[in-house]
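Worksheet: one structure, shown below.
The values are calculated or read from the model by the stated rules, or taken from the named source; none is laboratory data. No experiment lies behind these values; they were computed from the predicted model shown. Virtual Cβ from ideal backbone geometry, glycine too; neighbours counted across all protein chains shown. What goes into the accessible areas is simple: the full protein's heavy atoms, side chains included, and nothing from ligands, DNA or RNA. Shrake-Rupley method; radii C 1.70, N 1.55, O 1.52, S 1.80 Å.
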Amino acid sequence: MAADAGATVLETNDDNPKTPDKSKTKFDVVIIGAGPSGYTAGIYCSRAGYDTLILSGILPGGQLVNTTEVENYPGFENGIMGPDLMIDMRKQSQRMGTTIIDDEVVNVDFRRTPFKVLTASEEYEARAVIIATGANPRKLGLEGEQTFGGKGVSYCATCDGPFFRNQEIVVVGGGDSAIEEATFLTKFATTVHLIHRRSELRASKVMQERALNNNKIKFHWDSAVTDIKGNQKMQQVVIKNLKTGEETTLDAGGLFVAIGHEPNTKLFKSQIELDDEGYVVLKNKTHTNIEGVFAAGDVHDRSYRQAITAAGFGCMAAIDVDKYLTESADKQ
Ligand code: NAP
């Protein structure tokens, strides 16, 4: 189940054929982030012959590290555990020659080439940079989200909906994501309970109407989830009416939190163009507004947010880097 289960440290067991040379600081390509997009970009850049560094952060692996079973990543007939998938991607990238250092980037300087990417202890130089820092789903801030992450609590209906066939499901949020997820989940649920903190949805009119006319969705207006209960798995959700203060307990197998995402872009705020919600703005394919700086995955993608699409974007960014570096070399 692709659900956030809290901070899991990726046991990488590196048998890296290319032991990182810690004294090396100049690379053709530096990739910031080590989720599906970062690792895929590493595979493609290294295989194309570029000296490539991935700075993975201190918890490499991205959102899939906080996941149990992944059923929808192609190539795994019987599914694969999220952390195992990320370890395999990491090793594949290393086998192609990518240097991976599990350190956090604290600053960047994209004002001139070579670009500078800084950790607390080192300054790296790159002819091209791929930003693959991902996004995190917003949380409700309840203790039960941690306790029942991967055991009923999820942040991705496409990933986890099929685990909840013939069960009652709760969805929190009133935007397009929540409405889209609630509608999708009616394929599996006996009833979908949509919990929204106001009496009016934020979602687009078309999507609202579709959901309001769907008799499998029950709306709980002016309400909030205040507690998540269960034993081995989540079993109940406590809903509070914010106007009356009345609390009700719903029996439910799944809770989908769909209250928005936060792209991990604070680091790049003054360096590249971001939209009003902090997502990287792409100018052409995977190019940002800075020539030589590219972005891949959830850090710019607010629509698909799947491991397979993130991996696809990583591949695209690497191909765009190859074209950019080839053309820059031709100019010299
Ligand atoms: P969003 O538009 O920011 O909506 C977030 C929803 O969650 C809002 O209804 C908000 O309530 C509620 N919320 C926020 N924090 C909360 C909290 N702590 N507790 C309870 N509720 C909370 O996010 P989104 O739905 O993920 O959409 C993000 C963007 O992607 C939007 O631009 C959207 O149009 C787009 N999108 C488009 C599609 C599509 O077109 N198919 C699908 C998905 C997303 P309030 O309304 O009271 O603020």
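Here the gap between SER204 and LYS187, fully extended at 0.36 nm per residue and compared with their Cα-Cα distance, gives a gain of 4.0 nm. Sorting ASP109, ASP88 by accessible area puts them as ASP88, ASP109; the probe is 1.4 Å, largest comes first, and only protein heavy atoms count.
Start at zero, step by 5 Å, and the Cα-Cα distances of segment 139-257 spread as 2, 13, 25, 25, 21, 10, 3, 0 percent across the bins. Placing pseudo-labels 7 Å out from each Cα toward the beta carbon at ARG165 and GLN92 gives an inter-label distance of 2.9 nm. Measuring nothing but protein heavy atoms, the accessible surface of the chain at 1.4 Å probe radius is 46 percent carbon and sulfur.
Taking the C-alpha atoms only, the angle from helix 82-95 to the longest principal axis of the chain is near 10 degrees. Sequence-distant contacts, meaning Cα pairs under 8 Å at least 6 residues apart, place the relative contact order of the chain at 20 percent.
Excluding same-chain neighbours fewer than eight residues apart, the aspartates and glutamates reachable from LYS283 by a Cα-Cα span under 19 Å are GLU273, ASP275, GLU291, ASP298, ASP301, ASP320, ASP322, GLU327. Looking at the chain alone, DSSP beta bridges between its own residues are antiparallel in about 45 percent of cases. Heavy-atom accessible surface of ARG112, to the nearest 10 Å², is about 150 Å², with a 1.4 Å probe and all protein chains retained. The helix-based estimate of mean residue ellipticity at 222 nm for the chain, built from -39,500 (n - 2.57) per DSSP H run of four or more residues and divided by its residue count, is -7000 deg cm²/dmol to the nearest 500. When the scattering of segment 221-332 is computed by the Debye formula from its Cα atoms alone, each counted once and equally, what is log10 I(q)/I(0) at q = 0.13, 0.16, 0.20 Å⁻¹? For segment 221-332 at q = 0.13, 0.16, 0.20 Å⁻¹, log10 I(q)/I(0) is -0.69, -0.82, -1.01.
What do you get when you divide the Cα radius of gyration of segment 39-188 by 2.2 N^0.38 Å, with N the number of residues? It would help to have the intermediate numbers written out before the result.
Numbers: Rg = 18.8 Å, N = 150, 2.2 N^0.38 = 14.8 Å.
Ratio of Rg to 2.2 N^0.38 Å for segment 39-188: 1.28.
Of all lysines in the structure, those lying under 24 Å Cα to Cα from LYS285, and not within fewer than 8 positions of it along the same chain, are LYS116, LYS266, LYS269, LYS323, LYS331.
The modelled label-to-label distance between GLU104 and ASP251, using points 7 Å beyond Cα along the C-beta direction, is 4.4 nm. With both partners inside segment 139-257, how many of the DSSP beta bridges are antiparallel, as a percent to the nearest 5? The answer is about 45 percent antiparallel. About its Cα centre, segment 86-190 has a charge dipole of approximately 320 debye under the convention of +1 per Lys or Arg Cβ and -1 per Asp or Glu Cβ, with nothing else charged.
Using the heavy atoms of the protein chains alone and a 1.4 angstrom probe, what is the accessible area of the chain per residue in square angstrom?
With the other protein chains kept in place, the chain gives 48 Å² per residue.
Here is the P(r) of the chain: all C-alpha pair distances, binned every 10 Å from 0, give 6, 25, 30, 21, 13, 4, 0, 0 in whole percents. Listed by chain and number, the lysines whose alpha-carbon sits under 26 Å from that of LYS216, ignoring those within fewer than 8 places in the same chain, are LYS139, LYS151, LYS187, LYS205, LYS229, LYS233, LYS240, LYS243.
When restricted to Cα atoms, segment 191-233 yields an Rg and a Dmax of 12.7, 39 Å, respectively.
Pull out the extension gain between LYS323 and LYS24, defined as 0.36 nm times the separation in residues minus the alpha carbon to alpha carbon distance; nm, one decimal.
On the way: separation 299, 0.36 × 299 = 107.64 nm, distance 2.47 nm.
Computed gain between LYS323 and LYS24 is 105.2 nm.
With a 10 Å cut-off between alpha carbons and a GNM built on the chain, which of VAL170, VAL30, VAL206 moves the most? Sorting by GNM fluctuation, first place goes to VAL206. Taking 4.7 Å between beta carbons as the limit, the unpaired Cys residues of the chain are CYS45, CYS315.
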